[in-house]
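Notes to accompany the following structure.
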Amino acid sequence: MSLTFAKFLAAASVLATPLHAAPIELGKQLFHKDWAAACDNMRSCEAVSLIGEAQDDSAPTAAIRRAGDSAGAVEVGISLAEPKGDRYRLFVDNRLIVSGLLAKGEYPIRIDGSEALKLSRAMGYGRKLAIRDANGALLGQLSLGGTAAVFRHIDRVQKRAGTHTALFATGKRAFRAEPVPSPVIVARRIGKQEAIPDAAAMVSLVEGSACAETRIGVTEDSAYSLGKHAGSYKALVMLSCGNGAYNFSSAPFIGTSRDGKKWGFAPARFDYVSDSSEANGGLNLLVNSGWDAAKQQISSYAKGRGLGDCGSAETYVWDGDMFRLVEAYAMDRCRGSTDWMRLWTAKVEFRD
């Protein structure tokens, strides 16, 4: 997975400044009974199981991914709290569908190719998936209630419904792939590290922002070089701007200086602002944010609760003028799945 965002300062002169361009439309999430599904802008889709109220957090979870290209490769991953032995067998309503070797990692059961498609189709018509070891001992089970609805959703989005390639709604209609062009973000490379605001400039920015009223306890502000272009130094400044039990908020600003000493600040501009961004005195905040200088990317990861089984996450790239959305993930229901579904993706091309 996957995981970023932004908006505003406190000087009266910039309160009306627009902070993002035309809105980006993310993929929609569908929830039905014990399953969820979502597709991104490239028609790559994912279906994930949700843990029922009567189950504990150690219950197995499953994720089924299908690529949005013409091949539409299917992959299935199933988690197990305590994998035992070296083999597994998967039963749908007491009928053996697939067997194989257990693997290491988050998903000890990983299936692809024709067997993944076979299993997915069986799950769509089933009521319960049972996971057993080579000797028949039960390793876990999960409800299949809702699989038919979420698989139909994926088939509709990928325009496979009624074709022999569908996950669930199979038919005799021929499948004709419709290529979807990927958004391409052209980003100006930052280059070598240059001047950043000093402590005095940072203090002045804090005191003039709405964050000054929300800073409790230990705070940590940071500044990162965005290089030099057209005779001006630029820097990303992240102000600590409040926190909760498991979410730490930051307000992003862009500093500009001609001489590397005297700085002016404005809210960082983003082409998309997550609904999870918390308004605070005119500021839209990044949550649990991080800056990756090598990729020129900033991330935000807002958890709906401490378990991390719901929330939203975004990653943006600095294109030289503003932050542009690269990836977005979300899970709107807090039901045990830490596999958030991808809703948006874009390619990045760097130029000097």
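The values are calculated or read from the model by the stated rules, or taken from the named source; none is laboratory data. Predicted, not measured: the structure shown is a model, and the values here were computed from it. Heads up, the Cβs are rebuilt from the backbone with ideal geometry, glycines too, and the neighbour counts pull from every protein chain shown. Quick note on the areas: whole protein, heavy atoms, side chains included, nothing else; ligands and nucleic acids left out. Shrake-Rupley method; radii C 1.70, N 1.55, O 1.52, S 1.80 Å.
Loop-located trypsin sites (Lys or Arg not before Pro) in the range 31-79 (DSSP state not H, G, I, E or B) with no more than 16 neighbouring Cβ atoms inside 10 Å: 33. The figure for residue 220 is an accessible area of roughly 150 square angstrom, using a 1.4 Å probe on the protein chains alone.
Note on the range 24-49 and the range 190-225: Cα centroid distance 38 Å, given to the nearest whole angstrom. For residue 128, nonlocal amide neighbours, meaning residues 5 or more places apart or on other chains whose placed amide H falls under 5 Å from its own, are 93, 144.
In this label model, residue 332 and residue 32 are separated by 1.6 nm, measuring between points 7 Å along each Cα→Cβ vector. Residues 262, 347, 172, 228, ordered by accessible area of protein heavy atoms at a 1.4 angstrom probe radius and largest first, appear as 172, 262, 347, 228. Of 25, 178, the residue with the largest accessible area leads and the full order is 25, 178 (1.4 Å probe).
3J(HN,Hα) along the range 310-315, derived from phi through the Karplus expression 6.51 cos²θ - 1.76 cosθ + 1.60 where θ = phi - 60°, amounts to 6, x, 9, 9, 9, 10 Hz, with x in place of Gly and Pro.
With coordinates expressed along the principal axes, the C-alpha atoms belonging to the range 31-164 extend over 41, 31, 27 Å, beginning with the largest.
Under 5 Å between amide hydrogens, built in the peptide plane, is the criterion, and for residue 35 it picks out 50 among residues at least 5 positions away or on other chains.
Can I get the semi-axes of the range 211-333's equivalent ellipsoid? Compute them from the C-alpha gyration tensor as square roots of 5 times the eigenvalues, in angstrom, largest first. Walk me through the intermediate numbers first.
Values: eigenvalues 134, 60, 25 Å².
Working through the eigenvalues yields semi-axes of 26, 17, 11 Å.
The alpha-carbon of residue 118 sits under 14 angstrom from the alpha-carbons of these aspartates and glutamates, leaving out residues fewer than 8 places away in its chain: 75. Which aspartates and glutamates, on any chain, are close to residue 172 with Cα under 15 Å apart, when same-chain ones fewer than 8 places away are left out? Excluding near neighbours in sequence, the set is 155. 3J(HN,Hα) along the range 262-273, derived from phi through the Karplus expression 6.51 cos²θ - 1.76 cosθ + 1.60 where θ = phi - 60°, amounts to 9, 10, x, 10, 9, x, 5, 9, 10, 7, 8, 10 Hz, with x in place of Gly and Pro.
Where the accessible area of the chain is counted over protein heavy atoms with a 1.4 Å probe, how much of it, in %, is carbon and sulfur? Numbers along the way, then the final one.
Details: 8190 of 16830 Å².
Summing carbon and sulfur atoms, their accessible area is 49 percent of the total for the chain.
The translational diffusion coefficient of the range 143-259, from Stokes-Einstein at 25 °C and 0.890 mPa s with a Kirkwood hydrodynamic radius over alpha carbon pairs, comes to 128 µm²/s.
Hey, what D do you get for the chain in µm²/s if you plug the Kirkwood alpha-carbon radius into Stokes-Einstein at 10 °C and 1.306 mPa s?
Details: Rh = 22.3 Å.
Here the translational diffusion coefficient equals 71 µm²/s.
Of the cross-linked pairs 303/347; 84/295; 262/303; 28/104; 33/159; 28/128, which ones have a Cα-Cα span greater than 28 Å in the structure shown? Check vs 28 Å cut-off fails for 84/295; 262/303; 28/104.
Rg/Rh for the range 64-115: what does it come to with C-alpha atoms and Rh from Kirkwood? If you can, show how the numbers build up before the last one.
On the way: Rg = 12.3 Å, Rh = 12.1 Å.
My calculation puts Rg/Rh at 1.01.
Could you report the chain's accessible area per residue, 1.4 Å probe, as an integer in Å²? Let's see the in-between values first.
Details: 16830 Å² over 352 residues.
Using a 1.4 Å probe on heavy atoms only, each residue of the chain averages 48 Å².
Mind checking the alpha-carbon convex hull of the range 181-238 and giving the volume per residue in Å³? Intermediate results must be reported in sequence, preceding the final value.
Numbers: hull volume 9.0 nm³, N = 58.
Dividing the Cα hull volume of the range 181-238 by its residue count gives 155 Å³.
Across the range 185-315, C-alpha contacts under 8 Å between residues 6 or more apart give a mean separation that, scaled by the residue count, equals a relative contact order of 18 percent. Heavy-atom accessible area for residue 263, with the other protein chains in place and a 1.4 Å probe, reaches approximately 40 Å².
Backbone amide hydrogens, once placed in the peptide plane, bring residue 170 within less than 5 Å of 162, excluding anything fewer than 5 places away on its chain. Coupling constants for the range 124-129 follow from the phi torsions by the Karplus curve (6.51 cos²θ - 1.76 cosθ + 1.60, θ = phi - 60°), and in residue order they are x, 9, x, 10, 8, 9 Hz; glycine and proline get x.
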